[in-house]
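The values are calculated or read from the model by the stated rules, or taken from the named source; none is laboratory data. Source: prediction; values computed, not measured. Neighbour counts run over all protein chains shown; Cβ positions are idealised from the backbone, glycine included.
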Amino acid sequence: MTHQCYLLTATPEWILSEGGFLFLGSDYPEGMDTTVELSSLARTRGLALILTQGRARAEITNLIVELILRGPLFIVAGSEWLPAYELARRIRRRTVRIREILNRMYAARAATCYRLVDSLATLPSNGEPLLVLDFLHTFYEADIPLPVRQRKLQECCRELQRLAFYRPVIVMTQTQCTEEYERFIPSLCSIANTTLTLEAQTEQITQLVLL
């Protein structure tokens, strides 16, 4: 599996503008276009890992809007949060076909790491792009023994690899300065084709850094 690691600099006010992450600068591989289109994440099979610094709910909502404007999307959420009113509001800015666009999104919540494994395992290999939110959230549950959580993480990673072989898979998780995060994140990074870090400096300014 090819793993791409990039360092890019961004023009903050243009992030998530008109369907793409726009950035300027010279810190990117020779020949790489200076526009990273969001649509490319959902058109190419493979696994893209997006690490967020903070909850990045506005950025995640923007990403979902861009993806469902282009076609069907299946979301598996590892936490209770999913955008609702704000998602509809942002779609309304782009089109009057709000209900039609929202009906392209299918979502499931996984309250535990057991449920996360089951949610991924029941998905067919072929299908619409898959977006997994707050992936590592359920693995921090202290009531579940650590060896069990590690085993379930490996099972999830195998399912993600299976799905990513046939369809686009985007996995998002929040970075943390904890021992558990440092223990779990290498397994996820090792199966990703591309790893991106989304760094929010302020509520209005966002930088995209591709590690």
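Scanning region 64-89 for residues that are in a loop (DSSP other than H, G, I, E, B), surrounded by 15 or more Cβ atoms within 10 Å (Cβ to Cβ) and at pLDDT 85 or above gives Gly78, Ser79. Evaluated against (1) among the charged types (D, E, K, R); (2) within 21 Å of Arg183 (Cα to Cα); (3) part of a loop (DSSP other than H, G, I, E, B), Glu128 falls short on exactly one condition, (2). Considered as a group, the residues in region 90-145 that are over 19 Å from the mean Cα position of the chain (by Cα) and hydroxyl-bearing (Ser, Thr, Tyr) include one that is modelled with the lowest pLDDT, and that residue is Thr95.
When Ala108, Ala88 are checked against the criterion of being free of Cβ contacts under 8 Å to residues at least 24 places away in the same chain and at negative phi, a single residue qualifies: Ala88.
Conditions (1) assigned to a loop (DSSP other than H, G, I, E, B); (2) within 21 Å of Leu116 (Cα to Cα); (3) at pLDDT 95 or above; (4) not hydroxyl-bearing (Ser, Thr, Tyr), marked per residue:
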residue	(1), (2), (3), (4)
Gln150	no, yes, yes, yes
Glu155	no, yes, yes, yes
Glu159	no, yes, yes, yes
Met172	no, yes, no, yes
Phe184	no, yes, yes, yes
Thr197	no, no, no, no
Gln204	yes, no, no, yes
Gln207	no, no, no, yes
Leu211	yes, no, no, yes
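Residue-level check: of (1) out of contact with any Lys or Arg (no Cβ under 7 Å at 6 or more places or on another chain); (2) outside any loop (DSSP other than H, G, I, E, B); (3) β-branched (Val, Ile, Thr), Thr95 misses just (2).
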